[in-house]
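First comes the structure, then the notes that go with it.
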Amino acid sequence: MEQLGVSDIAVVFAILAGQPIIPTRVKPRCATKNTSVASIISRRFLQNEMRVRLPTFTNVSLRTLRPAMTNNLGAFVGRTVPVVGWVILAYDLTQIMKKTVFTYNLLVMPEDRLF
């Protein structure tokens with residue numbers, strides 16, 4: 001419980017807000033079928049076109065391991081929200097495992113220690 005806190009609620013919200021659950025227009029076959037709440041909100045408020053194309057990951061591009069490129073700042077932010085959530089969640093889980101192993105190693109005899 002020490003590791004889990006209010007930030008983890010934000011992480012769960014970021015992951016869920018980035019899921020493509022809202023139906024949208026017809027897209028090419030290689031595109032993600034629906035859109036996310038994060039994408040709709042970020043595109044509405046960040047309508048800046050960038051000079052450079054930024055790499056983003058969608059559900060489809062993760063399967064092919066090829067980033068989708070965009071020069072729209074709103075699209076970049078909307079697609080990055082769930083990625084940031086997954087990264088923070090992975091960090092938290094790593095910290096929980098590390099602290100658990102450390103505490104276990106303090107409590108057991110030397111021959112029973114992990115790592």
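The values are calculated or read from the model by the stated rules, or taken from the named source; none is laboratory data. All figures in this text were calculated on a predicted structure; none of them were measured in a lab. Quick reminder, even Gly has a Cβ in these numbers, built from the backbone with ideal geometry, and neighbours come from all protein chains shown. Ligands, DNA and RNA are stripped out before the accessible areas are found, and what is left, the full protein with its side chains, is counted by its heavy atoms. Shrake-Rupley method; radii C 1.70, N 1.55, O 1.52, S 1.80 Å.
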Query raised in the report: Out of Val87, Val81, which single residue is part of a helix (DSSP H, G or I), among the β-branched types (Val, Ile, Thr) and touching a residue at least 12 places away in the same chain (Cβ under 8 Å)?
Result: Val81
Query raised in the report: When you go through (1) among the hydrophobic types (A, V, I, L, M, F, W, C); (2) touching a strand residue (DSSP E or B) at 6+ places or on another chain (Cβ under 8 Å); (3) open to solvent by less than 70 Å² (accessible area, probe 1.4 Å); (4) modelled with pLDDT under 90 one by one for Phe76, which number turns out not to apply?
Result: (4)
Query raised in the report: Only one of these conditions is not met by Asn105: (1) modelled with pLDDT of 90 or more; (2) open to solvent by less than 80 Å² (accessible area, probe 1.4 Å); (3) of a type outside the set (A, V, I, L, M, F, W, C); (4) under 23 Å from Ile9 (Cβ atoms). Which number is it?
Result: (4)
Query - Pair list, Cβ < 8 Å and 6+ apart or interchain, from the range 52-68 residues that are of a type in the set (A, V, I, L, M, F, W, C) to residues that are modelled with pLDDT under 80 - result: Val60/Cys30; Val60/Ala31; Val60/Thr32; Ala68/Thr58; Ala68/Val60; Ala68/Ser61
Requested in this report: Of all residues in the range 27-70, count the ones that are part of a loop (DSSP other than H, G, I, E, B) and open to solvent by less than 70 Å² (accessible area, probe 1.4 Å).
Outcome: 8
